[in-house]
Every structure is written in C-alpha cells, then in structure tokens.
Amino acid sequence: MGDMFRSEQMALCQMFIQPEAAYTSVSELGETGSVQFRDLNCNVNIFQRKFVTEVRRCDELERKIRYIETEIKKDGIALPDIQDDIPRAPNPREIIDLEAHLEKTESEMIELAQNEVNMKSNYLELTELRKVLENTQGFFSDQEVLNLDSSNRGAGVVDEATVQHRGRLGFVAGVINRERVFGFERMLWRISRGNVFLKRSDLDAPLNDPATGHPIYKTVFVAFFQGEQLKNRIKKVCTGFHASLYPCPSSHNEREEMVKNVRTRLEDLKLVLSQTEDHRSRVLATVSKNLPSWSIMVKKMKAIYHTLNLFNMDVTKKCLIGECWVPTKDLHIVQKALSDGSAAVGSTIPSFLNVIDTNEQPPTFNRTNKFTRGFQNLIDAYGIASYRECNPALYTCITFPFLFAVMFGDLGHGIILLLFGAWMVLSEKKLARIKNGGEIWNIFFGGRYIILLMGLFSCYTGLIYNDVFSKSMNIFGSNWINNYNTSTVLTNKHLQMPPNTSAVGVYPLGLDPIWQLADNKIIFLNSFKMKLSIIVGVLHMVFGVCMSVCNFVHFKKYSSIFLEFVPQILFLLLLFGYMVFMMFFKWFKYSPHATFQPETPGCAPSVLIMFINMMLFKNTKPFVGCNEFMFDSQEGLQKTFVVIGLICVPWMLLGKPLYIKFTRGRRVSHVKHNGELTGNMELAEGETPLPTGNEQAGGAHGHEEEPMSEVFIHQGIHTIEYVLSTISHTASYLRLWALSLAHAQLSEVLWNMVLSLGLKMPPYTGAIGLFVIFGAWCLFTLAILVMMEGLSAFLHTLRLHWVEFMSKFYEGLGYAFQPFSFKAIIDGEEEE
Amino acid sequence: MKICGPKCSLCGLIISVWGIVQLVLMGLFFYIHSVALIEDLPLLEEYENLDAFYTAANAAYTQNAYNCWIAACIYVLTLLLSAQQFYMNSRVTAN
C-alpha cells in the first residue's frame, strides 16, 4: 500500500525484450497493470507499424464475434456474464483454434441465414399462390365455362386455337403490395386504353417479407384482357410494379387440385423452416457459452499488439526496445513479469529492464484502495497533482465529511444517509456486478464510502446541534429553569429567562434542548454558527498555507519558505487568527454572573466592529459603563498586528522577484550542470544537482529564463490574489452557517406544515390521516432534505476544498498515470 | 395478484419500515409527555384556568400517542403487503 501523502516515485525504464518472448511478456505486463508505455514510433503511420497484420487479424476476429453476438441477441439468447474467471490472453496455438472456431461458426450462420431467406421466399410464393387460388374463386364463376386460362401454356394447341378463334378474354392473376394497387390500376388503364378489366380483393392477414421480416399487406388481383399484345404489356407493367404473377387455372377442379398441392408443399416447407430455426438456436446456444471469454481473449490480444506497436526494433534486429514509466515500488513486479514471459515461451535469453534518468515530468500515480479512491477522484476532478506534490486527498478523507456535516447537521437525516451508505458498502460485492445501472447509480456507488462517512459525521453534528428532524432530544435534562411564579407566567404572553438566574450549569453534550422551543433560537444560533464557521474556516486555511511548506521542503525551494510562506502565514494569523482569538476571548470573558459591569454580556463588543476598527485605526464609543476594549493593551497589540500585516504585503510582493534577480546574476557565472537550468534556487544553493533531475523539475514550474518584468508581474498577481483571498475566502466559509441554517429551517417548516397537521387530528380516526400524511412527510424529507440539501451541501463542501483550501498550496499541473492494464481496458469497454 | 412493480414495492417496504420505527418512537415520546413535542398537540388557543389546560394537555398527549401507535399498526399492514409484492416481483424476475 503506497502512502497517500504524496504521489509515488516513478522511474523511466527501457525494456529489452526478445521478439519471440514479446507477446507473452507484454501479456504478463498487462495482467499486472503497472507500466505506462510511451510511443516510440510517433512519426510512423499506424498502417506502417510492425504488427499491423496481427492487429488486422484481431479486428477480423472481433468483427466475427460482433456478428455472432448480434445473431445471438436477435434470437434472445442471454450471454453469460464472466466476472470471476477472466481468461488470459491466448497463446498462438489457442489463437489458431479460436480463428478456426469463429470461422466455422460464422460461415455456418451465414449459410443458415441464406437458406432461411431462400426458404422464406419460397414459402411466401406458395402462400401467395394459395391466396390467389382461394380468392379468385369468385372471379371465375361466370368465366369458368369459357375455359380461358391464358397462362396455361401446356394445355395444348386446342386452347390456343380456341383463344385465337374466339378472340375473347384472357387473364393474369397475381399478388401486389396494397400501396401499389391504385397506381397499378391506373397504369393498366392507361396502357390498355381502358381495355383491361381488373378485379381485386384485399388480403386481410399481412405476409412477412422474407428478407426483412416486416409484415406487408397485399392484394390479389386478376386482370382480364383481350389479345396477345395486351398480355405482354400487362406482364411488363406487372414486373414494373413488382407484382408477382401466378399460374391460375380457370377450371374449378384444377384449382382445387392445385390448392391441395400447394397446401401440402406449404406444410413441408414449414417443417423444414422450423427445423432450420432449431438448428440455428442450437448452434447459437453452444457458441454463446464460450463467446464472452473469446471476446475478452481477442480484446486482450488486440491490446497486446497495439502495445507492441509502440516498441522499437533495435539496429541489430535482435530485440524489441520499449520505454515505459514504472512506479519505483513496482519495479520488481515488472521484472518478474518479464521473466515469466520469457519462461513461458522457453526463451533462454532473458529480457531486462534498464532504469534511465530523465528531466521530463513523470506521470502522477496515487495508489488508492477502495476507500480512498472516492476522495482521490474528488481531488483529481479539480486537477491532477503535479509530480510528487503533497496530495490533498489524504486530508480530504476527513475534512470533506466534516465540513459536509457542519452544513447538514441533523441526526435523523444523518441516520438515513448512514444507512444508505452502509447498505452500499456492506453489499458492495453484489452491487459491483450491476453493469447497466445508469450513470447516476455509478456515481452513488462509486462514492459509497464518502456517503457512509458523511452520514456518520452528520450524526455527530446532529447530536451537537441537538436536531432530529427539527426536534431536540432531552437526554441529560435541560439546564434552564423557570424562576417565575405561576401568576407571572399565566399573565404574560412572552417571558425572558435571564441567564444569570435561569441557567444552571452547562448541558454536557451539544445544544440545550430548550433552545428548539425558544423564540430567539435563530438569533442565538446565528451568532454561534457564524463564529463556528469562521473558526473552522481560518483553521482550514492556515492548514492549507502550512501545506505549502511541505512542498517547498520537498522541492528544496528553501528560500520560498522565507519569502512566501512566512509573510503569508503572518498575514493570515495576525489578522484573521487574531479575529478567531477575539471570538474565543469574548466567549470566556463575558459572563452573566460577573459583578464588574464591563464584564457582563451587555457590554460585549461586536467582534466584527472591533476588527473593522482595528484595520481602519478607528475608535467607537462604547455603551455607558462599558469598556471599548476586551483587555488592556488590546489597542497597542492590534496596532502592532496591523503594521506587521501591512509590512507582509511588500514582503510578499518584492521578496521573491528581488531574490531571483540577485541570484540570476550570480548564477550565470556558474558552470551549468546537465546542460539545462532546472529551477531558480536549487543550483544557487550550492547543492549538487541529483541525477534524477525529475525531482528538481521544481514541481513543473520551470521558470527558465523568464524576463524579470514577467517575474515581478507574476508575483504581483500572486500577492494581490493572496491578500484579497484572505478576506473573501474567510467570508466564504460563512456558507457553513448559511446552509446549516437553511437545512434546519427547511426541516422545521416541513415538520410544522406537514407532519404537525397529521398529529393534530381527532382521536382514533386521525390515525388514518396520520398514516397518509406521514407517508407524504417521508417522501418530502427524502426528496428535499436528504437529496436536494445533501447534494447542495456536497457541492459547497467541494467548492470550499477546491477553492478555499487548495488554492493556498496546490498546483495541480500533472498528468495521470495510465498503465497498460487489461482490467482497465475491459472495464472501460464494458462501460461503453 | 400483482398490484405494483418492483420499484413501487421496494419504496413501500422502506417507507413502511421507517414509518413503523418512527411512529412507535413518537408514540412513546407522546406517552411520556415529552415537552419537545408540545407544539404538535391539538390544543386550543386559550383555556379558562390552569387545571383545564393540564387536563387537556394530558389527554392530548395520550390521544396522540394512541394515534401514532395505530398509524404504526397500519404501517405494519402496509409492510406485509409491500413485502409480499416485493417477493412476488423478485420471484418473477428470477424465473
């Protein structure tokens, strides 16, 4: 388990692999998922790389698998899900087997499909013929006697002679799509100049088109005409309108016989069709068992060949060279994978790994487990940390749920969140298998530990705020007592309980429960929560500024500690830290039990007014009998603090640029190591630059030969930003107060406007009303207070972390470590 | 037999359990005359004397307690109904 304090140390390695062991070695590396390969063939076209034929082969296999998958889906067979036993990449023998299998299955499927289409068109023809024979019954009742079947060619000379003799009506019978009937009729009318007689009858049941399977409505028609030429014309029109013509005998007996014939043939064809269907289902069922694992094997194979394409063939053509980033702690894993790969293929020459030095910025890799991953994602969403920068995600694990809970503090809602988080965490193995839950489910499930912790902390703050669904819990007995006599209470609508006589002792944990019923609850809570927010905010920001020291020490920018950190922390502590001190002092100093009047609560000055007066060097006249200041020498102390704070500003503004200016002049005469400047201060400190220059890349700052004016301007911007941010961010933390007030008030409104109505109902029958109203109250609580307020508090906490906390020290200019890992590839493809 | 789908029955299940737990507790708190719930009592604006107020408040407390417990019993029925629907739905999908 890596430590989360900062990202892991990475090493750039060169890999020398024997060509015969290349495939297995890369397969082993993909299983471990510890290396990120660099593309050594950037300028080579994809189609000209070494392993392009193998990639094509994989593509071909994938295409076959996709085709079989669609066929399986069409039939509605379910593909089994392999979660546990993920197969490894296939070795060459298995690849050949796989290819043969897929080839055979694909050709069989294509053949079956083709046969099916043929048989279906046969079926269609026979069905249409039968329909024609059945429906033209009525047409021929009068013509029967004349025996004028013009399509009956084999009838002999007699018929022809008869036709020619009589010159009477011949006919053609067929079937046409219903949409085309009218156009067909009009065309026949036109070409025959009205000499064609068309009789038609619609078919009620639609027939299925063999190719697409869509049902199409058709119409049976019989066209009566006179003469040979007209017959030809009619036949041409029929082909033009895609009408199918069928030989229909005009004599009743012949028709009957034909119908019987057609019926038997239809039955036979149906049997053959169903047998083909069965065969197809059987083939698909056998294939479907292996298909998912084949699919994964092919994906792995393709990934391996893509990776091999990133390698370079060395000059002697003896081995493949690849470059990769590896976390230093994982080097032995990579060595083992390489040796396993060579051993699997039986190669005697081992592959080896060579660590090389570089000045490039390595990728940022934070090793996380299932608990820390959620918090790391929250930080990474803002920006990936620069290489080896201090990782704020470590502290976020606790500060995030805590700040959320300050805004969400309600024991009842906290329990709901806790139960939800606990359910997701306890059944995470089962829930992880759900693939298509949707984006929202994935977000909630991915943040299950965050939700669990948020619920837990909310329960704690709910206890402290003494708020359960807007009611308070009287666990220890209230410490406020009523000292008025009965007549005073009965005659006065509002009474005030002065704390010097009515408040005895201190409630052990949290807020006294009586406050929930007090009229001045909000005034009291406002003062308390606002001060609390500022105290938490200043602490959080001071912590953020102190984190920058860790970064400066690590990157050996010791001068920045004196030139940047010290003025920043002085400014923050002397002004806003002093304000926090004033808050605590005010809480301790003024007491209702005091006998000295300036120490009674009535004389307590407003902290904000004192702070403003301090900054503006003003004085306000205190009340009669009160002192302006809380302690002696406060005035002098405040003036000192303000002066020091004011000195810090030019210190921040000019300190660093002037230092850079002086050291640059000194350093030009130094011998340059490594042929490049790696930072501003390091070499000038007289240290020998370390071979791993990446540590000294100065956290990706690299102010290499920036003109002095730029340096001054940058520092000016940073200074103004910092000074203004001390005020604006401190005020920004007041959102902790605002959201907790909003949450408490919403909760109270919901109870009073909804549930209270259900509780004030008549006896016994009111229980049903209570039953209904309680259900509504539950739904509103979940929708408004848990979901909406929860998301709102989550968002504001995230903002506080990203802007107010991380802007004090975080750079976030790194790029993520994306290792070559089969697991990541397969999971990523499944998400699509 | 099937009145509602899987999501509806799960929703009913959760609300029923929540309702039973919370209403039993609330009934208990009403029964022991907890002051925190005093604003939820069906009381009039004014009473003639203190005793009238006390009797009305005590009666209101016990009445509300019984109301809560009866509502909890109705939620037990809803729980049974939702549970049965839920199991039936999960058996259908399993088949």
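Some notes on this structure:
- Selection status of B:Y31, closer than 25 Å to A:L750 by Cβ, open to solvent by 70 Å² or more (accessible area, probe 1.4 Å), facing chain A (nearest Cβ under 10 Å) and of a type in the set (F, W, Y): no
- Residue count, segment A:480-506 (criterion: within 24 Å of A:V468 (Cα to Cα) and within 14 Å of chain B (Cβ to nearest Cβ)): 2
- A:V468 fulfils the conditions (1) without any contact (Cβ under 8 Å) to a residue 24 or more places away in the chain; (2) β-branched (V, I, T); (3) within 14 Å of chain B (Cβ to nearest Cβ) except for a single criterion, (1).
- Evaluated against (1) surrounded by fewer than 12 Cβ atoms within 10 Å (Cβ to Cβ); (2) within 13 Å of chain A (Cβ to nearest Cβ); (3) outside any helix (DSSP H, G or I), B:P42 falls short on exactly one condition, (1).
- Test: residue in segment A:365-380 that is small (G, A, S), buried (at least 18 other Cβ atoms within 10 Å of the Cβ), assigned to a loop (DSSP other than H, G, I, E, B) and in contact (Cβ under 8 Å) with a residue 40 or more places away in the chain: no
- In segment A:344-362, the residues that are on the phi > 0 side of the Ramachandran plot reach residues that are open to solvent by less than 70 Å² (accessible area, probe 1.4 Å) with C-beta atoms within less than 9 angstrom, at least six apart or across chains, in these pairs: A:G346/A:A21.
- Of the helices (runs of 4 or more DSSP H) lying entirely inside segment A:725-821, those containing at least 3 residues that are of a type in the set (V, I, T), free of Cβ contacts under 8 Å to residues at least 60 places away in the same chain and within 10 Å of chain B (Cβ to nearest Cβ) span A:766-780.
- Qualifying residue in segment B:78-90 (condition: away from chain A (no Cβ under 12 Å), within 26 Å of B:Q22 (Cα to Cα), aromatic (F, W, Y) and in contact (Cβ under 8 Å) with a residue 24 or more places away in the chain): yes
- Odd one out for B:I15 among (1) within 20 Å of A:A776 (Cβ to Cβ); (2) more than 7 Å from chain A (Cβ to nearest Cβ); (3) part of a helix (DSSP H, G or I): (2)
- Segment A:232-247, subset under 19 Å from A:E179 (Cα atoms) and open to solvent by 80 Å² or more (accessible area, probe 1.4 Å), residue farthest from the chain's Cα centre (by Cα): A:K236
- Within segment A:518-531, the set of residues being open to solvent by 50 Å² or more (accessible area, probe 1.4 Å) and within 13 Å of chain B (Cβ to nearest Cβ) comprises just one member, A:D519.
- Residue pairs whose Cβ atoms lie under 7 Å apart, separated by 6 or more positions or on different chains, with the first residue in segment A:115-132 and closer than 20 Å to A:A205 by Cβ and the second of a type in the set (G, A, S) and buried (at least 19 other Cβ atoms within 10 Å of the Cβ), are A:V132/A:A173; A:V132/A:G174.
- Test for B:Q63: is it of a type outside the set (D, E), touching a Pro at 6+ places or on another chain (Cβ under 6 Å) and open to solvent by 30 Å² or more (accessible area, probe 1.4 Å): yes
- Segment B:48-73, residues that are outside any helix (DSSP H, G or I) and either within 10 Å of chain A (Cβ to nearest Cβ) or touching a strand residue (DSSP E or B) at 6+ places or on another chain (Cβ under 6 Å) (or both): B:N49
The values are calculated or read from the model by the stated rules, or taken from the named source; none is laboratory data. Predicted model only: the values in this text are computed from it and were never measured. Positions of Cβ are generated from backbone atoms using ideal geometry, with glycine treated the same way; all protein chains shown enter the neighbour counts. Side chains are part of the model used for accessible areas, which takes the heavy atoms of the whole protein and leaves out ligands, DNA and RNA. Shrake-Rupley method; radii C 1.70, N 1.55, O 1.52, S 1.80 Å.
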